[in-house]
Amino acid sequence: MSRIISGQAGSIRLKSAASSTRPTSDRVKESLFAALEARDLLNGSRVLDLFAGTGALALEALSRGAQSAVLVEKDSSAHKIALQNTGLVLTALAKSNIQVSAENLKMDAGKYLKTSTEVFDLVFIDPPYEFPNELMINLLTELELKVEKDGIVVIERSTRGTALLAPKWLGQITNKAVGETSVAIYQKN
């Protein structure tokens, strides 16, 4: 079972997703968030979580100081679980007098990017491992105008997949493999 690892909502157990999603392991989250916190990239940030699944990444960011989050997930059962998990985390944060906002949207990531006018400081992209590179490049093209200057984009993929050639607007900060998961952190140029 997944949990919020640290921050004001730390140790809250999250509801598990249906078999249609692949939750980010606690080990991967620990590594990722240690890298983000070391660069002070969470405090006050506006977060977008594409392919949100249970919402674990965006909710971990809220627990650690992010100001707001938009969670986008098209799978109905995963979306319902993300809504429940969001409620758990927001309730815990409210008890500590921490005011944050979170919006859960049941829709396709590409459609969201084409229709949204919001801009974010931190974006998580954690698609299914079999998600093709061509579609990822299309998403990143749509995403460019949704990321603040110097904003951060985190892409989680399988270490077994074909390497992604990120667009020129993204400069890679780090790429770390944790088990079968590769987590790359980019900054908007």
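Here are some residues: N138, N133. Which one is more than 17 Å from A184 (Cβ to Cβ) and of a type outside the set (F, W, Y)?
N138
Condition check for I5 on (1) aliphatic (A, V, I, L, M); (2) in contact with a Phe, Trp or Tyr (Cβ under 8 Å, 6 or more places away or on another chain); (3) touching a residue at least 60 places away in the same chain (Cβ under 8 Å): one failure, at (3). When restricted to residues that are surrounded by fewer than 11 Cβ atoms within 10 Å (Cβ to Cβ) and assigned to a helix (DSSP H, G or I), the range 84-99 contains 1.
Check the range 31-45 and report whether any residue there is at pLDDT 95 or above, crowded, with 20+ Cβ neighbours inside 10 Å and farther than 21 Å from E148 by Cβ. The answer is no; no qualifying residue exists.
Any chance the range 50-60 includes a residue that's at positive phi, part of a loop (DSSP other than H, G, I, E, B) and not hydrophobic (A, V, I, L, M, F, W, C)?
Yes.
The number of residues in the range 74-99 being hydrophobic (A, V, I, L, M, F, W, C) and farther than 15 Å from L57 by Cα comes to 4. With the requirement that a residue be crowded, with 21+ Cβ neighbours inside 10 Å and either out of contact with any helix residue (DSSP H, G or I) (no Cβ under 6 Å at 6 or more places or on another chain) or assigned to a helix (DSSP H, G or I) (or both), what does the range 100-111 give you? Result: A109, single match. Residues that are over 22 Å from A177 (Cα atoms) and surrounded by fewer than 24 Cβ atoms within 10 Å (Cβ to Cβ) within the range 46-56 comprise just one, R46.
The residues of the range 174-185 that are without any contact (Cβ under 8 Å) to a residue 60 or more places away in the chain, closer than 20 Å to D150 by Cα and hydrophobic (A, V, I, L, M, F, W, C) amount to a single one, A184. Apart from one condition, Q99 fits all of (1) in contact (Cβ under 8 Å) with a residue 12 or more places away in the chain; (2) on the phi < 0 side of the Ramachandran plot; (3) over 15 Å from the mean Cα position of the chain (by Cα); the exception is (1).
Starting from the range 112-135, keep only residues that are within 13 Å of T162 (Cα to Cα), then list their pairs with residues that are assigned to a loop (DSSP other than H, G, I, E, B) and acidic (D, E) whose Cβ atoms are within a distance under 6 Å, requiring at least 6 positions of separation or different chains. That search, which allows pairs on different chains as well, returns nothing. T159 meets all of the listed conditions (1) within 20 Å of S25 (Cα to Cα); (2) without any contact (Cβ under 8 Å) to a residue 60 or more places away in the chain; (3) touching a helix residue (DSSP H, G or I) at 6+ places or on another chain (Cβ under 7 Å) but one, namely (3).
The values are calculated or read from the model by the stated rules, or taken from the named source; none is laboratory data. As the structure is a prediction and not an experimental result, all values here were calculated from the model. Because the Cβ atoms are built from the backbone with ideal geometry, glycine has one as well, and the counts that use them run over all protein chains shown.
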